[in-house]
Structures are given as structure tokens and as C-alpha cells.
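Every read-out reported here was derived from the displayed coordinates using simple, explicitly stated rules and does not represent laboratory data. Model, not experiment: these values are computed from the prediction. When we count neighbours, we look across all protein chains shown, and the Cβ atoms used for this are built from the backbone with ideal geometry, even at glycine.
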Amino acid sequence: MTIRVVIVDDQGMVRTGFGVLLNAQPDIEVVGEAVNGEEGLRVIAELEPDVVLMDVRMPVMDGLEATRRLLDGASGDGDGGRAGPKVLMLTTFDLDDYVYEALRAGASGFLLKDASAGELSDAVRIIAAGDALLSPSITRRLIAEFSRLGAPRAPSRKRLEELTERETEVLVLVARGLSNGEIAAELVVAEQTVKTHFGRILMKLGLRDRPQAIVFAYEVGLVTPGG
């Protein structure tokens, strides 16, 4: 199945360059582009892409606000239904000041604008599959931000009561940055079993994807930085 992509960036060279690279892939098609977040929302609503490459800094409406509006109310339903496109934030800096807020807004990961053709196409495929794209440096910055914030931001852990004991275990390991394969090894179960548990976690908690699950786990205090 072809992955349909919209590129939202105010730099024409970025849109053109990424478009050429992605359209050269047999399973990816760039179906539209926009020069700012406001235009991007209109294009995305019309074309309903699978993945959006969203620049962080843009005039008129930046990528953070556009992502919030795009994904507001959308949630991962675990059954493959359309719940808004996956958003891959484009940034010039590996340690961007907007990392934490972008993930809270619903972004599924980050990609540096100087990424190679292979890195770019792989990133689109990873995001389209529902996985997170968080480099170790991005993850470290996210954890550092939680440390700076101190106490959990969410007022209640009540939503956690919907999870089984094993699902809670899986969520903790996801929040600590383990992959599905690593979690499977830790719990001595099949990787597909981990994927099934995680899908149910997303459905029960009304979460969209892995980054949102990580943010949730930290905000309710299920996991603490360094814990």
C-alpha cells in the first residue's frame, strides 16, 4: 500500500528536495505541500495523507500549533481506523526547544532536515506503521524536561485502573524507551504479544501512539526520570 505524504515547510528547497527523494520510493507518494501551518491544515483536510512532514518553525502558523489543531481530539483506536495522520516534525537542530511540546501535541517523532534519502524514507515508513521515531538525544531531552517539571502534570492516575497488570508492565517498559523486541525479551513473551498488549493500552487510554504513551506515563507519575 502506498504511503501518502504531505510536506508542510516554508522553505521551497526543502519541499522540493524531500518531494523528489520520497517520490523516488516505490511505496511512498507526496500528494501535496504547503508553506505554513494554516495552509497545511487545509491541504491535509482535503487530501487526508497518512504522514505529514511538519516544519517546527514557520510564519503565519508554526508546526506546533498546526499539529495541535490537526490532532486535537484524535486518538489511537488500535484497530487501524483513521484517527488523523502521523506527524513527523522537521527540525534543524537535534536538541530543539520544542521537543516536549511537540510530543505533547501529538507528533510521532523528529527528523533533521539534513537527513539522507534513506533516513527520510525509513522515517516515513516507521511513522506510517505507528511506531515512534525518537533518537537517543531526543529521548534524553524529553526525560530531562520531565525532571525539570518536577511533579506529575496530570492530576490523577485513575485511567491506569483500566489496564491489566501485564499491560501496566508493558507501558512502564515502553516509557523507559525499550523497543517491542526488548520488552518481549524482558517479559519472556513473543514480540507479537507485546504489540497486542500495546495496542490495547492505546485503545484503553485513548492514546495515539508510542510517543503519546511515553508522555502519559511520565505525566501521571507511573514512571519517573531515572526510575
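Once both labels are positioned 7 Å from their Cα atoms along Cα-to-Cβ, the gap between Ala190 and Asp114 label points is 4.4 nm. A Stokes-Einstein calculation at 10 °C with viscosity 1.306 mPa s, built on the Kirkwood radius of region 158-227 over Cα pairs, returns a diffusion coefficient of 133 µm²/s. In the P(r) worked out for region 1-58, what percent of Cα pairs fall beyond 13 Å? In whole percent, the long-distance tail amounts to 53.
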